[in-house]
Amino acid sequence: MTVDVLPKDVYNTELVANVHPPDWRQPTPAPRYNLVVIGGGTAGLVTAAGAAGLGARVALIERDLLGGDCLNVGCVPSKAVIRSSRVLGDIRAAAALGVRVTGTVEPDFGAVMERMRGVRARLSHHDSAERFKGLGVDVFLGDGHFTGPDTVEVNGARLRFKKAVIATGARAHHPEVPGLSEGGFLTNETVFDLTERPRRLAVIGAGPIGCELAQAFRRLGSEVTLFHRGGHILNREDADAAGIVQRAFVDEGIRLVLDAKLTRVERAGDGKVLHCETPRGAMRVAVDEILVGAGRVPNVDGLGLETVGVAYDHRDGVTVNDRLQTTNSRIYAAGDICMSEKFTHAADFAARVVIQNALFMGRKKLSALTIPWCTYTDPEIAHVGFYERDADKRGIAIDTYLRPFSEVDRAVADAEEDGFVKVHVRKGGDKIVGATIVARHAGEMLNELTLAMTSGVGLGRLASVIHPYPTQAEAIRQVGDMFNRTRLTPRVKKIFAAWLRWTG
Ligand SMILES: Cc1cc2nc3c(=O)[nH]c(=O)nc-3n(C[C@H](O)[C@H](O)[C@H](O)COP(=O)(O)OP(=O)(O)OC[C@H]3O[C@@H](n4cnc5c(N)ncnc54)[C@H](O)[C@@H]3O)c2cc1C
């Protein structure tokens, strides 16, 4: 089976040559594998490389492109496009910074997408079939499915395993809106094939994928209408954080249709019309393209899971316990196929849990991982641990410390005041249980707080970490100072005053 990625240019030819080489020769299957991995996205690649590196006999099966969503239709292409769009955001903000941009600023959509394809092709070497072969992994390109208690078939080849890992990921959910399929729409699987900018773009869904791409396309010059079922965008995030991004979207001219119920889509000439109901009345919006970013569904079909007694459902995917073992004790799962945290780094670290548990009788637990995440809008929202609502639900009393960037010198100098660092600690102590940062580079800044959480460093101690002045990350130290000031109880103050009187 050959796989095409459009447009068929030099970059996509390089990409395919790396991650689904048309002339790939399937290896002769070993008599039995320690591990057969189905799915060659992040979870599958990390599992296969890690296990082979430890001396296991490993087969890796991928039906489409090695690298999975992240490399091909997810993190990598989206972040490359976002980078270009940020330049346009900066130009828009230039006047406020005293820089007059004269003449026209014209985003060259074709060039932006070409650059993205170049970045993707370049990074694809890391996930290439050849590289994994070199690591000692038997790479099979084709559809894998279980055929018996210890066998997986791919292209007629029968692979026997001692343990198997399901890492088949997820795909875009297609909402059931009458006329949507007939009208045609893009998802993350096709949007990066575009070479021409849609003049008018409807984005369905204001979760992380919808929001990142809505803002990027707006900055690249599309008229964007963002439809969302919820009352505000990014509704799983801290509401104050999401509010800041929502205001930025409105400022940039993204038309938000909130509490929207899409009722139908119809074709109109070369374009499409979306009909929707909102609490403010019915409306119709004419666009050239529709991009759907309305959630993910796990790739469970056609895997023969019933044959091997692996329980699953179509919403949450493969059922696993905390050690990522499925209902068949010889079969494990990792990544988007079984986890609610659908992120590349989560898939990566879940794969490490699986290697230890499947091959070395380990007892590693998924719940022991601290998994941060970031939505790469501008500003970004990065989060780790509990939100206030999680603490409420679990009956954990917390104190919250917040530092707005309007009080952080570097953010003021940068004209990046819309944001904050918010840290939750267990009431009565300084153990950090959660944090949210809204900032231009929140994803980079969050790591300090994640490190503190994973290594048991309390908020009070962060106050003693010297940060270069002026940096936006100083906000984290300042939150530490805020915590320490609360330790200065009236009684402690009295003792200090008495000491100073006595020694003075
Ligand atoms: C637009 C977008 C942007 C994103 N941005 C980010 C980001 O910035 N940061 C981040 O951390 N995460 C991001 N993600 C999420 C990230 O891409 C996923 O969490 C990650 O790719 C999950 O890895 P995985 O290995 O579980 O699944 P996948 O990457 O989906 O890989 C699964 C693989 O299994 C293959 N497969 C499926 N069934 C079979 C079968 N029967 N036989 C053989 N092969 C099969 C598929 O072809 C696929 O290659 C983004 C996702 C999208 C869609």
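The values are calculated or read from the model by the stated rules, or taken from the named source; none is laboratory data. All values reported here derive from a predicted model rather than from experimental measurement. All Cβ positions, glycine included, derive from the backbone under ideal geometry; neighbour counts span all protein chains shown. Protein only, heavy atoms only, side chains kept; ligands, DNA and RNA dropped before computing areas. Shrake-Rupley method; radii C 1.70, N 1.55, O 1.52, S 1.80 Å.
The spacing between segment 1-67 and segment 249-317, judged by their C-alpha centroids, is 31 Å. Evaluated on segment 100-190, the Kirkwood hydrodynamic radius is 18.4 Å, with distances taken between all distinct Cα atoms. With protein chains left intact and a 1.4 Å probe, residues in the chain average 47 Å² of accessible area per residue. The three principal axes of the Cα atoms in segment 14-80 give end-to-end lengths of 41, 26, 16 Å, sorted in falling order. For the residue pairs LYS422/LYS493; LYS8/LYS261; LYS79/LYS431; LYS365/LYS393, alpha carbon separations beyond 29 Å are given by LYS8/LYS261; LYS79/LYS431.
Secondary-structure-derived ellipticity at 222 nm for the chain, considering helices only, amounts to -10000 deg cm²/dmol, per-run term -39500 (n - 2.57) for DSSP H runs with n ≥ 4. Dimensions of the chain based on its C-alpha atoms, expressed as ranges along the principal axes with the largest first, amount to 87, 61, 42 Å. Taking all protein chains as shown and a probe of 1.4 angstrom, GLU114 keeps an accessible surface of around 80 Å². Net charge of the neighbourhood of ASP240, taken over other residues with C-beta under 13 Å away and scored Lys/Arg +1, Asp/Glu -1, is 0. Evaluated at q = 0.13 Å⁻¹, the base-10 log of the normalised Debye intensity for segment 141-246, with identical point scatterers placed on the Cα atoms, takes the values -0.69.
The peptide list 152-158, 443-449, put in order of mean Cβ contacts within 10 Å with the highest first, becomes 443-449, 152-158. The string of couplings for segment 418-432 from the Karplus curve (6.51, -1.76, 1.60, θ = phi - 60°) is 7, x, 6, 10, 10, 10, 9, 10, 4, 4, x, x, 10, 5, 6 Hz, one whole number per residue in order, with x for Gly and Pro. Packing here is the average count of other Cβ atoms within 10 Å per residue, and on that basis the peptides 334-342, 293-301, highest first, run 334-342, 293-301.
Counting only lysines at least 8 places from LYS364 when in the same chain, those with an alpha carbon closer than 23 Å to its own are LYS162, LYS163, LYS342.
For segment 78-128, taking the reciprocal of the average inverse distance between every pair of different Cα atoms yields a Kirkwood hydrodynamic radius of 12.6 Å. Which percent of the accessible area of segment 15-169 is formed by carbon and sulfur heavy atoms (probe 1.4 angstrom)? It is 52 percent, rounded to a whole number. Over all pairs of different C-alpha atoms, segment 459-504 has a mean inverse distance whose reciprocal, the Kirkwood radius, equals 12.0 Å. The heavy atoms of LYS494 offer some 150 square angstrom of accessible surface to a 1.4 angstrom probe. Note on segment 330-464: Cα Rg divided by 2.2 N^0.38 Å, N the number of residues, gives 1.19.
Measuring with a 1.4 angstrom probe and ignoring ligands and nucleic acids, TRP499 comes out at about 140 Å² accessible.
Kirkwood radius and radius of gyration were both taken over the C-alpha atoms of segment 371-429, and their ratio Rg/Rh is 1.05. With semi-axes defined as the square roots of five times the eigenvalues of the C-alpha gyration tensor, the equivalent ellipsoid of segment 255-318 measures 37, 15, 9 Å, largest first.
Positive end of the dipole of the chain (Cβ unit charges, origin at the Cα centre): among HIS173, VAL87, ALA346, the Cα lying farthest that way belongs to ALA346. Over 5 Å intervals from 0, what percent of Cα-Cα pairs in segment 236-376 sits in each interval? Final binned percentages: 2, 8, 13, 13, 13, 11, 11, 10, 9, 7, 3, 1, 0. Counting protein heavy atoms only, segment 315-449 has 47 percent of its accessible area on carbon and sulfur, 1.4 angstrom probe. Distance from the alpha carbon centroid of segment 137-178 to that of segment 478-497 works out to 58 angstrom. Of the beta bridges in the chain, as assigned by DSSP with both residues counted there, near 60 percent are antiparallel.
Ranking TYR33, TYR376 from most to least accessible surface, computed with a 1.4 Å probe over the protein chains only, gives TYR376, TYR33.
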